[in-house]
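**Student:** I'd like to ask you about the structure that follows.
The values are calculated or read from the model by the stated rules, or taken from the named source; none is laboratory data. Note that the coordinates shown come from a computational prediction; the quantities given were computed from them, not determined experimentally. Every residue, glycine as well, gets a Cβ built from its backbone with ideal geometry; the counts of neighbours run over all protein chains shown. The protein model used for the area step is the full one, side chains on, heavy atoms only, and it has no ligands, DNA or RNA in it. Shrake-Rupley method; radii C 1.70, N 1.55, O 1.52, S 1.80 Å.
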Amino acid sequence: MKNLKLSSLIILLTLFSYGVKAQGLKNSYEGIFDIGAAIDQRQVNGNGKDQIAHSILAKHFNSITPENLMKWGSIHPRPNTYNFEPMDKLVDLAESIGARVVGHTLVWHNQTPNWVYENEQGERLDGPALIQRMEDHITAIMSRYKGRVFAYDVVNEAIFDNGEYRTSKWYEATGTEFIKRAFAKAEEIDPDAELYYNDYNMWKPAKRETAIALAKEIREAGIRIDGIGLQGHYGLESPSLEEIEASILRIAEEGFKVMFTEVDIDVLPNPVNRHGADIDATFEFEEQYNLYTDGLPAEIQEKLVKRYAELFELFKKHEDKITRITYWGIHDGGSWLNNWPMRGRTAYPLIFDRNYQEKQDIIQVLHEIAAK
Ligand code: XIL
């Protein structure tokens, strides 16, 4: 018995000395906020190299967002054809590890097939017809996952960076009506699910204030909206902590929950000083923007650790306002930033490396911040 205790102590000490904590991030952040990851088909299947995804998820994450599997084009590719199976599997996986699922996303201008906006003759639908289609879509999805999907990004990215409404096909046909009606339908179908508006660049005051005004309008119309999601696709230097903090404070002040829903930190340079995550803003590949094909230099890794540390210190400071931090992916190899805004680069934005190994320096610091 004594020997057994001694040997487990030695194993534990060894683990710690290698910086591998037995405890996951979700344990360290229990009661502070949920720790989430976006996963895609490959992680759900968990074959080959992706096998390890399931044990990483089980150890560190208590929230899972489908990176693509619930988007309109994936789950509802053709009229009257729903492709639920991949999403069903994701929900099964989440339940098997005790993680809550965030449904991303019901209404968006991207990854939505053209047929959605058109009648059988290929003419654009008018407002009422388009809203009917949207309501049918919301009803089908939310009825299926009632009680199993904890929350939804009901509407994604309806506002431009300058604070004006995005002139999407949704907006062209209905104005802002589609947004209110989406929340109303979502509340009706699953009254227990949390409902959010989600967008990038929410540190930009004009954009954030429009989102807040929108959320208040929805609430004043007697329709429920629980929170505002800040995607959190950030760079090493920008946005500043002050800019991020201002948004946390403003959103919370108006009585909405705050969550960081798609966190990653891009260390690669860009042809223009772009911000945010407009998935249509892409560039041709150029080698000069693909700096770190053989690994991240130590000084950049240090900057990444520091940036994650500062961000998490800020998040922790506002733990009473923030309910969840979700990474947009598990490991660098699976990050969308390898292919956006330029295809074929080597990106380093997440907290697991390309071999699914923990970036111990970052994870260690995150544990320490939780314990402060
Ligand atoms: C991205 C996915 O990560 C990619 O795999 C896909 O090709 C394009 O969409 N904002 C969002 C996410 O709300 O849904 C986007 O995800 C990234 C930007």
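**Student:** Looking at the stretch 346-355 only, could you name the residues that are open to solvent by 10 Å² or more (accessible area, probe 1.4 Å) and under 30 Å from Asp278 (Cβ atoms)?
**Tutor:** Those that are open to solvent by 10 Å² or more (accessible area, probe 1.4 Å) and under 30 Å from Asp278 (Cβ atoms): Thr346, Tyr348, Asp353, Arg354.
**Student:** Here is a further query. Can you list the helices (runs of 4 or more DSSP H) found entirely within the stretch 27-85 that contain at least 1 residues being in contact with a Phe, Trp or Tyr (Cβ under 8 Å, 6 or more places away or on another chain)?
**Tutor:** Hits in the stretch 27-85: 52-60, 72-75.
**Student:** Give all pairs with beta carbons closer than 6 Å in which a residue from the stretch 60-80 that is of a type in the set (A, V, I, L, M, F, W, C) meets a residue that is open to solvent by 30 Å² or more (accessible area, probe 1.4 Å); count only pairs at least 6 apart in sequence or on separate chains.
**Tutor:** Close Cβ pairs satisfying both conditions: Phe61/Lys26; Ile75/Asn83.
**Student:** Could you list, in sequence order, all residues of the stretch 356-369 that are under 19 Å from Pro297 (Cα atoms), touching a residue at least 40 places away in the same chain (Cβ under 8 Å) and open to solvent by 50 Å² or more (accessible area, probe 1.4 Å)?
**Tutor:** Gln360, Asp361
**Student:** Same structure, new question: If Ser28 meets every condition in (1) farther than 25 Å from Lys321 by Cα; (2) modelled with pLDDT of 95 or more; (3) out of contact with any strand residue (DSSP E or B) (no Cβ under 8 Å at 6 or more places or on another chain) apart from one, which number is that one?
**Tutor:** (1)
**Student:** Is it the case, given these coordinates, that Ser96 is out of contact with any Leu (no Cβ under 9 Å at 6 or more places or on another chain), modelled with pLDDT of 95 or more, within 24 Å of Glu262 (Cα to Cα) and loosely packed, with under 14 Cβ neighbours inside 10 Å?
**Tutor:** So Ser96 passes the test.
**Student:** Are any residues in the stretch 41-60 touching a helix residue (DSSP H, G or I) at 6+ places or on another chain (Cβ under 6 Å) and open to solvent by less than 30 Å² (accessible area, probe 1.4 Å), and if so, which ones?
**Tutor:** Within the stretch 41-60, Gln43, Val44, Gly46, Asp50, Ala53, His60 meet the criteria.
**Student:** Do we have Ser63 as closer than 30 Å to Phe352 by Cβ, within 16 Å of the ligand (Cβ to nearest atom) and small (Gly, Ala, Ser) here?
**Tutor:** yes
**Student:** Among residues belonging to the stretch 150-183 that are within 16 Å of Gly103 (Cα to Cα) and away from the ligand (no atom under 16 Å from the Cβ), point out the one that is most open to solvent (accessible area, probe 1.4 Å).
**Tutor:** So, considering only residues that are within 16 Å of Gly103 (Cα to Cα) and away from the ligand (no atom under 16 Å from the Cβ), the one most open to solvent (accessible area, probe 1.4 Å) is Phe150.
**Student:** Determine which member of the set Gly276, Gly295 is open to solvent by 20 Å² or more (accessible area, probe 1.4 Å) and at positive phi.
**Tutor:** One residue alone meets the criteria, Gly295.
**Student:** Being farther than 22 Å from Asp136 by Cα, buried (at least 22 other Cβ atoms within 10 Å of the Cβ) and away from the ligand (no atom under 16 Å from the Cβ) narrows it down to one residue among Ala193, Ala215, Ala186, Ala211; which is it?
**Tutor:** Just one listed residue meets the conditions, Ala215.
**Student:** Considering each of Gln132, Gln111, Gln121 in turn, give the residue that is touching a Lys or Arg at 6+ places or on another chain (Cβ under 8 Å), open to solvent by 60 Å² or more (accessible area, probe 1.4 Å) and farther than 24 Å from Glu358 by Cα.
**Tutor:** Only one candidate qualifies: Gln111.
**Student:** I'm checking my understanding of the structure. Among residues of the stretch 230-244 that are open to solvent by 40 Å² or more (accessible area, probe 1.4 Å) and not in a loop (DSSP other than H, G, I, E, B), which one is farthest from Leu314 (Cα to Cα)?
**Tutor:** Checked the stretch 230-244; the qualifying residue farthest from Leu314 (Cα to Cα) is Glu243.
**Student:** Cβ contacts < 6 Å: first residue within 24 Å of Glu217 (Cβ to Cβ), restricted to the stretch 228-254; second residue open to solvent by 40 Å² or more (accessible area, probe 1.4 Å) and within 14 Å of the ligand (Cβ to nearest atom), any location; separation 6+ or different chain. Result?
**Tutor:** Every condition considered, no pair remains.
**Student:** Another one. Tally up the residues in the stretch 246-271 that are among the acidic types (Asp, Glu), in contact with a helix residue (DSSP H, G or I) (Cβ under 7 Å, 6 or more places away or on another chain) and farther than 15 Å from Asn201 by Cβ, please.
**Tutor:** 1
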